[in-house]
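In what follows, a single structure is set out as structure tokens and then discussed.
The values are calculated or read from the model by the stated rules, or taken from the named source; none is laboratory data. Keep in mind it's a predicted model, so treat the numbers as computed, not measured. Ideal geometry is used to build each Cβ from the backbone, glycine not excepted, and the neighbour counts take in all protein chains shown. Areas reflect the complete protein model, heavy atoms only, side chains present, ligands, DNA and RNA absent. Shrake-Rupley method; radii C 1.70, N 1.55, O 1.52, S 1.80 Å.
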Amino acid sequence: MTWLKRIRNGILTKTVEKQETPDGIWSQCPDCKKTVRKKELSSNAYLCPQCDHHLRIGSAEYFEILFDDNKFTEIFSGYRAKDILNFSDLKPYTTRLEQSKKKTDLEDAIFCGEGKINGEPLVCCCMDFSFIGGSMGSVVGEKISKSIDYCIEHKIPLMIISKSGGARMMEAAFSLMQMAKTASKLSLLARAKIPYISLMTDPTSGGVTASYAMLGDINIAEPKALVAFAGPRVVKETIKRELPEGFQTSEFLLEKGFLDKIVHRKELKQTISDFLSYFKN
Amino acid sequence: MIFLDFEKPLLDLYDQIEKWQRIGKSKSLDVSDRITDIEHQIENTRKNIYKDLNGWQRVQLSRHPERPYTLFYLSQICDKFTELHGDRNFGDDKAIVGGFGSLDGETVMFIGHQKGSNSKTRQYRNFGMPNPEGYRKALRLMKLAEKFDKPIVCFIDTPGAYPGIEAEERGQAEAIARNLFEMSQLKVPILCIVIGEGASGGALGIGLGDKILMLENTWYSVISPESCSSILWRSWEFKEIAAEQLKLTAKDMTGFGIVDGIIEEPDGGAHHDPEKMAQFIKQRIIKELKELKKLDSEERIDLRIDKYANIGEYDFSE
């Protein structure tokens, strides 16, 4: 026996009247799951104030952290991916491209800028994971290739910030060949004795790791970033047992000898600046 | 003989031959005319089947269990071949083989993926999936070739670089990346030939060169059709469609200008007449190396890097 009786079934609150938290005020840390104010994040180098987790950020945020007064010039804009294979899986590639452009307001998965770090010039190519998983296709390869040419011509050090699921399947062999393209261009940069710093961030995998990401004069990574050739799921399926704790994290790579240093995001700018001065003086 | 699903009509004809042979024996009849007739039919049917194969069918052929692998070709095309082992660092990978060989009186450094031909050797060769030490052995041998000014020929045939725990620990990605970087600057000619499967970074890790060729029934792409299907379609069932979508055949790849030429296979594929296939490869290597040797090393390196710099399709507007 209840005191109150429901006379109409279902939830009747009209969705238009529903009070929702507007987007862009709060954010949840994917690591400690605590809620943080977004404003707090931007003033904290996009680190979780509770657990120091390095949140995934894009090129705009990295440039803001790196370049003096957030001042930089975009170089090599205007390149747009082309559906040369007429590729279609569950969605046509052209649709994926359009949706990604609309969602991210980016041209492709990499943004190249030239600016100054503590007064020293630097060209930085930064990948954006939000654009089709930061996948490397012809545009990414071409912009990196062009940036390397630019660095050689103007004798400016290069930094690439990797954040990628690997090569872009929808461009098949064209994306595979971007590995060869970027690596061979880097061999020219090396011959010209121009420093190249590679920063690996969460996640860096596949063809990106197996080309420019691993080829830095200095290889650094953010704490706890996933850096892999084959992704953990693929490895697990192959060996059919659980993966060891901490497998394929930047700490693991440092231990195995593939990184020079793990750099906390708050020390990133100073660390890069230090490296540049070592090369210069 | 092993027949693939699209070779079914051939199987029926071979069965008929067997049937007639049995009849001839038991009834003491002369059935040779009948048999010659069927043999003609087999030849025609084979030509017809092989005239126009689709992507997935070529993927199947590239993995045919009777298909010849690197060491077989080397035994056929070299007057002499001595395998060299180890990366001088960790171990000797069995999925990549290499060594000096004498081809038409000249020394060539041969490097190639190696698969096994029965369950025991397949396991021994890790199904042609190299660990990092395989790529590092390959690089050591390439540097050795460079030191003594000998050209390099790479045979590509892998389902991919091995995705295991130890491979990751020892830096699979770094090993492949390093090879791409170093191969760009090698002073000697590099000729790469896809003889079977050209799967992704595992293939490219010994696949950067002045000239890239593919045998007629091979494939080369960023991912295998099965894995592509599982990632993009979220099911293994779409491998045939994925094979079409990836445009991974020798014809597609030369059309894109990513691969420089095709070496024809005998009717019925390389496995149908391995000796003949080996001779085709040998003649082509001799011809290509002769061309590549005409350039000096600086020119060759410039052309090599330019070739890769030009691969990529995009739209550009200010």
Query raised in the report: Does B:Ser221 qualify as being crowded, with 17+ Cβ neighbours inside 10 Å, within 14 Å of another protein chain (Cβ to nearest Cβ) and within 16 Å of B:Leu61 (Cβ to Cβ)?
Result: yes
Query raised in the report: Looking only at segment A:209-237, which residues are open to solvent by less than 10 Å² (accessible area, probe 1.4 Å), β-branched (Val, Ile, Thr) and at the interface with chain B (Cβ under 9 Å from one of its Cβ atoms)?
Result: A:Thr209, A:Val227, A:Val235
Query raised in the report: For residues in segment A:242-263 being assigned to a loop (DSSP other than H, G, I, E, B) and facing chain B (nearest Cβ under 9 Å), which is surrounded by the most Cβ atoms within 10 Å (Cβ to Cβ)?
Result: A:Gln248
Query raised in the report: Looking at A:Leu90, is it under 22 Å from A:Ile160 (Cα atoms), in the same structural domain as A:Val139 (by TED's automatic domain parsing) and either at pLDDT 95 or above or not in a strand (DSSP E or B) (or both)?
Result: no
Query raised in the report: How many residues does segment A:69-85 contain that are touching a Ser or Thr at 6+ places or on another chain (Cβ under 9 Å) and open to solvent by 50 Å² or more (accessible area, probe 1.4 Å)?
Result: 4
Query raised in the report: Looking at A:Lys146, A:Lys155, which is the one that is charged (D, E, K, R), more than 10 Å from chain B (Cβ to nearest Cβ), open to solvent by 10 Å² or more (accessible area, probe 1.4 Å) and more than 18 Å from the chain's Cα centre (by Cα)?
Result: A:Lys155
Report summary line: In segment A:145-176, residues that are within 30 Å of B:Glu244 (Cβ to Cβ) and either in contact with a Lys or Arg (Cβ under 8 Å, 6 or more places away or on another chain) or at pLDDT below 95 (or both) total 5
Report task. Specify which of the listed residues (A:Leu41, A:Leu66) is under 23 Å from A:Ser250 (Cα atoms), open to solvent by less than 50 Å² (accessible area, probe 1.4 Å) and in contact with a Ser or Thr (Cβ under 9 Å, 6 or more places away or on another chain). Result -> A:Leu41
Report summary line: Scanning segment A:166-208 residue by residue, the ones that are facing chain B (nearest Cβ under 7 Å) and closer than 16 Å to A:Val123 by Cβ total 3
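What do you reckon, is B:Leu295 away from chain A (no Cβ under 11 Å), in a loop (DSSP other than H, G, I, E, B) and of a type in the set (A, V, I, L, M)?
It is true that B:Leu295 is away from chain A (no Cβ under 11 Å), in a loop (DSSP other than H, G, I, E, B) and of a type in the set (A, V, I, L, M).
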Report summary line: If you go through B:Glu291, B:Glu226, the only one that is loosely packed, with under 14 Cβ neighbours inside 10 Å, in the same structural domain as B:Asp149 (by TED's automatic domain parsing) and acidic (Asp, Glu) is B:Glu291
Requested in this report: Identify, from the list B:Lys247, B:Lys239, B:Lys150, B:Lys211, the residue that is more than 10 Å from chain A (Cβ to nearest Cβ), basic (Lys, Arg), open to solvent by 10 Å² or more (accessible area, probe 1.4 Å) and out of contact with any Cys (no Cβ under 8 Å at 6 or more places or on another chain).
Outcome: B:Lys150
